1. Does any residue of the range 140-148 turn out to be over 16 Å from Ser94 (Cα atoms), among the charged types (D, E, K, R) and without any contact (Cβ under 8 Å) to a residue 12 or more places away in the chain?
2. Of a type outside the set (Gly, Ala, Ser), in contact with a helix residue (DSSP H, G or I) (Cβ under 7 Å, 6 or more places away or on another chain) and assigned to a loop (DSSP other than H, G, I, E, B): which single residue out of Pro167, Pro156, Pro180 fits that description?
3. Please identify the pairs in which a residue from the range 179-203 that is farther than 24 Å from Tyr135 by Cβ has its Cβ atom under 8 Å from the Cβ atom of a residue that is loosely packed, with under 14 Cβ neighbours inside 10 Å and not basic (Lys, Arg), counting only partners at least 6 apart or on another chain.
4. Can you pull out every residue in the range 156-173 that is touching a residue at least 12 places away in the same chain (Cβ under 8 Å) and in contact with a Gly (Cβ under 7 Å, 6 or more places away or on another chain)?
5. Restricting attention to the range 197-209, does a residue exist that is within 20 Å of the chain's Cα centre (by Cα) and at pLDDT below 90?
6. From the residues in the range 53-99 that are part of a loop (DSSP other than H, G, I, E, B), polar (S, T, N, Q) and surrounded by 13 or more Cβ atoms within 10 Å (Cβ to Cβ), which one is modelled with the lowest pLDDT?
7. Being outside any loop (DSSP other than H, G, I, E, B) and among the small types (Gly, Ala, Ser) is the filter; apply it to the range 229-286 and report the residue that is modelled with the lowest pLDDT.
8. Which condition does Asp151 not pass, out of (1) surrounded by 17 or more Cβ atoms within 10 Å (Cβ to Cβ); (2) in contact with a Cys (Cβ under 8 Å, 6 or more places away or on another chain), if it passes all the others?
Amino acid sequence: MGRPQPRRGNWNRKRIRGNPSSAQSVSIIFLFSGIFPLAGVVRCVILSRMSQQFQHLTTNTYEANLYPESGASEGSTTPLLGVCFSGGGSRALSCALGQLSALNGMLIPNSNESVLSQVPYISSVSGGSWASVLYTFLPETINGQPVSDSDFLIQPVSPEILFKGDPGTSTSGNVSYMGPFCLGTVPQQFNPVTIAAFLYTLFNWGFFGDASRWSWFWIAGVGEIVLKPFGLYDAFYNPNNSYIEPSNFFSLSEAHVDASITPDNPTLTPRTRLLGTVPRAAQLTS
């Protein structure tokens, strides 16, 4: 199935009011809500901290980049379709799996194109962003194996044909089977073994004894647990640096890298220049 080309153009800047320190608190809450859904005491403590942050919100402004509107000229009556995914950790991701799969199974009247293939915009929050980023930047191969939408999504079927069968057998309606590259495998990553491996990686990096590295917890957690199994994260944890060095970057296009990223980051090598996967749709994520 063909993927719509991204809407290309220069990014527009718009002032948004808020306090970046509060946004950091929100990120921490999302992480603990998704990775440690049973850690109620920890979540309560962080929520209390966040409420204190909200009490000290200021009118400071910071800049955000808005994706260009280039799909239709001003005044055009051509309909454009956007999809929104809410937050809610792994539960939101699971919900997005069903929504993406349903849209992929719906055909446009008098056409063989799916509704999902004609979506030029995606807006998402938190756990919904985990799903939308994986969908948008899904590589064509993972660990040398070809991957398609049929591997990543599920096939909607009528409830009456659902059954619990052999977990190793891919049969329509078998709720016990899930392919290795299905979006639904992400919640399975939130287990004690995977989380312990992630924390051990941070320990070896010197994370817990250096407060200057603590702001990387959210980035590393989502990268190692959500993105890495899909070939979208492979970072370097240099003990001599207080920051994480990603092996690749998400970007609009190679032209955007040359115009807006490389001039301000001359040390970036070809290995780190670009993710190399054409995105399906423009995204606004949080």
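The values are calculated or read from the model by the stated rules, or taken from the named source; none is laboratory data. Keep in mind that what you see is a predicted model, and the values were worked out from it rather than measured. Glycine gets a Cβ as well: all are built from the backbone with ideal geometry, and neighbour counts include every protein chain shown.
1. Taking the range 140-148 as the starting set, the residues that turn out to be over 16 Å from Ser94 (Cα atoms) are 140-148.
After this cut, where a residue has to be among the charged types (D, E, K, R) as well, the list is 140.
Now restrict to residues that are without any contact (Cβ under 8 Å) to a residue 12 or more places away in the chain: none.
No, the range 140-148 contains no residue that is over 16 Å from Ser94 (Cα atoms), among the charged types (D, E, K, R) and without any contact (Cβ under 8 Å) to a residue 12 or more places away in the chain.
2. Details: Pro167 fails: in contact with a helix residue (DSSP H, G or I) (Cβ under 7 Å, 6 or more places away or on another chain); Pro180 fails: in contact with a helix residue (DSSP H, G or I) (Cβ under 7 Å, 6 or more places away or on another chain).
On inspection, the qualifying residue turns out to be Pro156.
3. Leu202/Phe208
4. Initial filter on the range 156-173 (touching a residue at least 12 places away in the same chain (Cβ under 8 Å)): 156-157, 161-165, 172-173.
Answer for the range 156-173, where residues must be touching a residue at least 12 places away in the same chain (Cβ under 8 Å) and in contact with a Gly (Cβ under 7 Å, 6 or more places away or on another chain): Pro156, Val157, Ile161, Leu162, Phe163.
5. No - not one qualifying residue is present in the range 197-209.
6. This residue is Ser70.
7. From the range 229-286, those outside any loop (DSSP other than H, G, I, E, B) are 229-230, 235-236, 245-246, 254-264, 270-272, 282-285; that's our starting set.
Still in the running and among the small types (Gly, Ala, Ser): 235, 255, 259-260, 282.
On the way: Ala235: 89, Ala255: 74, Ala259: 80, Ser260: 76, Ala282: 63.
The residue in question is Ala282.
8. Just one mismatch for Asp151, condition (1).
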